[in-house]
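Worksheet for the structure shown next.
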Amino acid sequence: MENPMATREVFRGELEELLDTGAVLVDVREAEELARGADPLPGYTHLPLSRLGELPTHVPGQHPIIFYCRSGLLSYQAAEIAAGWTTQPVYYLAGGLVGYADA
């Protein structure tokens, strides 16, 4: 089933609002990148892009999902993939952790 909401880029200011309404924050960096990269955002779920098929077991119900990574590329890919098979609202963090830190 295709997601009628599709994907949407979310910026730092909107992130807190979405989290306050029950959105789930998902870090899609692979384990190696997570270990050597910037610290994850508080309250995140780690689910590497390579294991995205496991998303339904990590994000039950109809909670909005916000994907993020280091620069935004992997999170955009994850959002596009997830939007193809979920009806949950799907977002990706603009610029990833780099953009978040610069905002």
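Readers should treat all values here as calculations from the given coordinates under stated rules, not as data from a laboratory. Predicted, not measured: the structure shown is a model, and the values here were computed from it. Glycine gets a Cβ as well: all are built from the backbone with ideal geometry, and neighbour counts include every protein chain shown.
Please list 18-28, 51-61 highest first by mean number of surrounding beta-carbon atoms within 10 Å per residue. Don't skip to the answer; put the middle values down first.
Working: 18-28: 19.0, 51-61: 13.4.
For the peptides 18-28, 51-61, the packing ranking is 18-28, 51-61.
Expressed in nm², what is the orientationally averaged projection area of the convex hull enclosing the Cα positions of region 34-81?
Working: hull surface 14.7 nm².
With every direction weighted equally, the projected area is 3.7 nm².
Considering the Cα trace of the chain, what is its radius of gyration and what is Dmax, both in angstroms?
Using the Cα atoms of the chain, the pair Rg, Dmax is 12.3, 37 Å.
Do the sum for the chain: with -39,500 (n - 2.57) for every DSSP H run of n ≥ 4, divided by all residues, what is the mean residue ellipticity at 222 nm, to the nearest 500 deg cm²/dmol? Please list the in-between numbers first.
Working: 5 runs with 37 residues, N = 103.
About -9500 deg cm²/dmol.
Taking θ = phi - 60°, what integer Hz values does the Karplus form 6.51 cos²θ - 1.76 cosθ + 1.60 yield along region 69-74, in sequence order, with x for Gly and Pro?
8, 5, 10, x, 5, 5
Name the residues whose placed amide hydrogens come within less than 5 Å of the amide hydrogen of Ile65, ignoring near sequence neighbours (fewer than 5 apart) on the same chain.
Val24, Val90, Tyr91
Can you tell me, using C-alpha contacts under 8 Å and at least 6 residues apart, the relative contact order of region 28-103 as a whole percent? Each step should come with its number before you reach the end.
On the way: 101 pairs, mean separation 22.7, N = 76.
Across region 28-103, relative contact order equals 30 percent.
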